[in-house]
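Reading through the structure tokens given below for one structure.
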Amino acid sequence: MTHETRGPWRVHSTQVEYENPWLRVESSKITHPDGTPGIYGVVYIANLATGVLPIDAEGYTWLVGQHRYPANTYSWELPEGGGQKGVDPWVSASRELKEETGLIAASHCCVGEWELSNSVTDEVAFGYLAWDLTEGPSSPEPSEDLTVVRLPFADLLARMRAGKIRDAFTHLIVNGAIDQARQGRLPAPISDILLSA
């Protein structure tokens, strides 16, 4: 008996395979759009993903380096983290920015909202550009082993183009910010930095 329809898929039963405070994995018995039976596994993420591209008046930005457990690789990324659903994503993003880099931004704009790996997960990500920055002490979570570097925005782009930065969310945010600059939606000094790199 069909319990639910998701677009062209018919869902017959669903069970939770695993759950923790950050995610839930469900497996469903389904009928594919072509009428064949199958299963579909989905990872439901408890929080929103947020990330920030900070740009200072000198055209510098910040990267955070850390070892990522799932891929078992060291990753350079923009300041990123999770935020509770129902809370303004910028509030969560600015908290992560301060925790990881010590930066506080007086100005910001959203450069995009994306679905990450939407064939297997419901994770939604919000990316921001931040400027008018004030530096202060960082306060990462005790479980995090982070390396933070300040570098010219042009160097960030060069690392991305050379394949040295593989984090998809970083690429989305940077390209979203450049697109905003091309459309004339940012203050001229910030646009000049993004478009001249």
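Restricting the stretch 15-53 to residues that are exposed (fewer than 15 other Cβ atoms within 10 Å of the Cβ) and among the polar types (S, T, N, Q), the residue that is farthest from Gly127 (Cα to Cα) is Thr36.
Do you know which residues across the stretch 145-197 are touching a His at 6+ places or on another chain (Cβ under 9 Å) and not in a helix (DSSP H, G or I)?
Asp145, Ile165
Assessment of the stretch 134-144 against the conditions (farther than 25 Å from Arg68 by Cβ, open to solvent by 10 Å² or more (accessible area, probe 1.4 Å), of a type in the set (D, E, K, R) and not in a strand (DSSP E or B)) yields no matching residue.
Residue by residue, here is whether (1) touching a Leu at 6+ places or on another chain (Cβ under 6 Å); (2) modelled with pLDDT of 95 or more holds:
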{"residue": "Gly86", "(1), (2)": "no, yes"}
{"residue": "Val91", "(1), (2)": "no, yes"}
{"residue": "Ser94", "(1), (2)": "no, yes"}
{"residue": "Ser107", "(1), (2)": "no, yes"}
{"residue": "Leu129", "(1), (2)": "yes, yes"}
{"residue": "Pro137", "(1), (2)": "no, no"}
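Residues that are under 26 Å from Gly184 (Cβ atoms) and open to solvent by 70 Å² or more (accessible area, probe 1.4 Å) within the stretch 99-132 comprise Ala106, His108, Glu113, Asp132, listed in sequence order.
Residues of the stretch 59-86 that are crowded, with 19+ Cβ neighbours inside 10 Å and among the aliphatic types (A, V, I, L, M): Leu63, Val64, Leu78. In this structure, is Val64 β-branched (Val, Ile, Thr) and either in contact with a Leu (Cβ under 8 Å, 6 or more places away or on another chain) or not in a strand (DSSP E or B) (or both)? For Val64, the condition - β-branched (Val, Ile, Thr) and either in contact with a Leu (Cβ under 8 Å, 6 or more places away or on another chain) or not in a strand (DSSP E or B) (or both) - is met.
All conditions but one from (1) under 16 Å from the mean Cα position of the chain (by Cα); (2) in contact (Cβ under 8 Å) with a residue 40 or more places away in the chain apply to Cys110; the one that does not is (2). Asp56 meets all of the listed conditions (1) open to solvent by 30 Å² or more (accessible area, probe 1.4 Å); (2) part of a loop (DSSP other than H, G, I, E, B); (3) under 23 Å from Met160 (Cβ atoms) but one, namely (1). Against the conditions (1) among the aliphatic types (A, V, I, L, M); (2) touching a strand residue (DSSP E or B) at 6+ places or on another chain (Cβ under 6 Å); (3) closer than 23 Å to Asp179 by Cα, Ile104 satisfies every one except (3).
The values are calculated or read from the model by the stated rules, or taken from the named source; none is laboratory data. Given the structure is predicted, the values throughout are model-derived calculations rather than measurements. We place every Cβ from the backbone using ideal geometry, glycine too, and count neighbours over all the protein chains shown. Areas reflect the complete protein model, heavy atoms only, side chains present, ligands, DNA and RNA absent. Shrake-Rupley method; radii C 1.70, N 1.55, O 1.52, S 1.80 Å.
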